[in-house]
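The values are calculated or read from the model by the stated rules, or taken from the named source; none is laboratory data. All values reported here derive from a predicted model rather than from experimental measurement. Glycine also receives a Cβ, built like all others from the backbone with ideal geometry; neighbour counts cover every protein chain displayed. Please note that ligands, DNA and RNA were not included when accessible areas were found on the heavy atoms of the full protein model with its side chains. Shrake-Rupley method; radii C 1.70, N 1.55, O 1.52, S 1.80 Å.
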Amino acid sequence: MQQKGGSAGLAKSAAVKLSEMGERTKQLGTAIQDPNRQRRIILVIVCVALLLDNMLYMVIVPIIPDYLADLESKQAVHSHVVLHPNTSANRTNQPISNKDNLDVQIGVLFASKAILQLLVNPLSGTFIDRVGYDIPLLIGLLVMFVSTCIFAFAENYGTLFAARSLQGLGSAFADTSGIAMIADKYTEEAERSHALGIALAFISFGSLVAPPFGGVLYEFAGKRVPFIVLASVCLADGVLLLTVIKPFSNRTRENMPVGTPIYRLMVDPYIAVVAGALTVCNIPLAFLEPTIANWMESHMHATKWEMGLTWLPAFFPHVLGVYVTVKLAAQYPNLQWFYGALGMVIIGASSCTVPACKTFGQLMFPLCGICFGIALVDTALLPTLAFLVDVRHVSVYGSVYAIADISYSVAYAMGPIVAGQIVHNLGFVQLNLGMGLVNVLYAPALLMLRHVCQMKPSYSERNVLLEEGPTGLYDTIRLEERKLKRKGLSTTTNCLPVDGNGFDAFTGHSRSHSDEESSGPEYS
């Protein structure tokens, strides 16, 4: 009898605990559905995805050259033993004869990610515009997870090349959809700049901390451990995405607006200027990364740890540049173009001073200047892309941030292949002077953007800029959403907007819902 009473008590206690757990789960689910809390979680998910992508991009820098050299030497010894078992002739000349071939292999391996990303981005941007941001982000994380696992267990050059190329495919989806999702969730310009600034800080942290992280773990734990750690974090980020956003249960995807095609965005003069600036400002970083270690070794007699830590101090001025630009943009939003132009001048001046450095300590200052300038340009111009889409096109951001990703990919695809040839043919000094001059000369082009902040979406402007009008289904959805947001407030007005040219945008006719809602929020 006592045993039955004890069993009943245990059962009752278990039921109470299960009920409490169910209640807590329900409360957690309710909390996650809160819009403000959900977009903070989305920002965390995107930042972790960007961190992982850039860590995987840079973690191979201290690992792969050494690993490929070991593979090359083992293969050389093996082939020599098989072909010439009774002689040791030419054994010492084998590594020297293969050194140039190894350098080419490393350069192609490093560039393959950016090249594939460059090729896939036009398709991924269109895909993101059609299906939304969550599913492409999940696809990108899944591909990056597979790529990282392949890196961990690859034992030959072909498999490493496949893993590196696969990472470019994942980046084309994860990076573009992640940045576009931030722009979509944070619609106020100040909030958007702040959120994109946080994302850029994670990108910088991933790029700069990855080489020491990979080098230390490779030295003490082997090749597989750094990639297994990154794969685990990638998997956790994907699970969090599935839990919070639930991409496959979102029914509003059927009513997605039709975004402006990517080829139309590319010929928009304002977007073209921004894309050009993003490419030019990243050229010094992309070209110095594969060349500066050899230059330090030959001109400074730098040690391995000095070459490994070359870029790490630059993380702090990069974060400082992001912080300063976000604060200035909140106070003076009409000067975004100036912050970008100033950043390009700083990059140009810093790049020109790199060859004059004689010690590792001196080299830190121009590298910090380059990263500070890149932070100014990126933090000022990435929100500008979203704003341009809002006021000149349809507020769907997949294609426009695919263009931004293409801009980065152009620089990083050329870097490992072109930079080495320039140094070989012209010299390291000429490379830096050329990069600096290009940045300084491009800075005045950003004057084109000085009146962007004064743009307002108008009916006449949309008719001029877009061959096709907005879709009625999307206009209806946006109208209903806006009515819900303005519940309890009057939604009627007797004032008709006047476009930037000073005449009535509606030529005396009443404005339809399609005309009002399709052009996005108004900005002053």
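Looking at region 41-58, which of the residues that are modelled with pLDDT under 90 and of a type in the set (Val, Ile, Thr) is farthest from Gln167 (Cα to Cα)?
Result: Ile41.
What are the residue pairs meeting all of these: first residue in region 319-331, first residue in contact (Cβ under 8 Å) with a residue 60 or more places away in the chain, second residue not in a helix (DSSP H, G or I), Cβ atoms under 9 Å, and 6 or more apart or on different chains?
Note: no pairs meet the criteria.
Looking only at region 286-297, which residues are surrounded by fewer than 23 Cβ atoms within 10 Å (Cβ to Cβ) and either touching a strand residue (DSSP E or B) at 6+ places or on another chain (Cβ under 7 Å) or of a type in the set (A, V, I, L, M, F, W, C) (or both)?
Ile292, Ala293, Trp295, Met296
Scan region 156-168 for residues that are in contact (Cβ under 8 Å) with a residue 12 or more places away in the chain and part of a helix (DSSP H, G or I) and jot them down.
Tyr157, Leu160, Phe161, Ala162, Ala163, Arg164, Ser165, Leu166, Gln167, Gly168
Listed here are the residues, each with its yes/no results for (1) under 24 Å from the mean Cα position of the chain (by Cα); (2) farther than 22 Å from Met300 by Cβ; (3) modelled with pLDDT of 90 or more.
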position	(1), (2), (3)
Lys358	no, no, no
Cys368	yes, no, yes
Ala380	yes, yes, yes
Ala386	yes, yes, no
Val391	yes, yes, no
Gly398	yes, yes, no
Ala404	yes, yes, yes
Gln430	no, no, yes
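Could you list, in sequence order, all residues of region 131-155 that are within 27 Å of Ser73 (Cα to Cα), open to solvent by 10 Å² or more (accessible area, probe 1.4 Å) and in a loop (DSSP other than H, G, I, E, B)?
Glu155
So if I check each of Val354, Val400, which one is closer than 19 Å to Glu306 by Cβ and surrounded by 24 or more Cβ atoms within 10 Å (Cβ to Cβ)?
Answer to the check: Val354.
Kindly indicate which of Val423, Val429, Val440, Val391 is in contact with a Lys or Arg (Cβ under 8 Å, 6 or more places away or on another chain), outside the structural domain of Ala183 (by the TED database) and at negative phi.
Testing whether each residue is in contact with a Lys or Arg (Cβ under 8 Å, 6 or more places away or on another chain), outside the structural domain of Ala183 (by the TED database) and at negative phi leaves just Val391.
Consider region 298-320. How many of its residues are within 26 Å of Val429 (Cβ to Cβ) and either assigned by the TED database to the domain that holds Val209 or open to solvent by less than 80 Å² (accessible area, probe 1.4 Å) (or both)?
Residues that pass the stated criteria total 15.
Checking the condition surrounded by fewer than 18 Cβ atoms within 10 Å (Cβ to Cβ) and not in a helix (DSSP H, G or I), which residue from Val216, Val239, Val258 passes?
Val258
Where in region 336-444 are the helices (runs of 4 or more DSSP H), entirely inside, with at least 3 residues that are out of contact with any Gly (no Cβ under 6 Å at 6 or more places or on another chain) and aromatic (Phe, Trp, Tyr)?
336-353, 360-392, 398-414
Could you list, in sequence order, the residues of region 156-191 that are under 26 Å from Leu320 (Cα atoms) and either outside the structural domain of Pro226 (by the TED database) or surrounded by fewer than 23 Cβ atoms within 10 Å (Cβ to Cβ) (or both)?
Asp184, Lys185, Tyr186, Thr187, Glu188, Glu189, Ala190, Glu191
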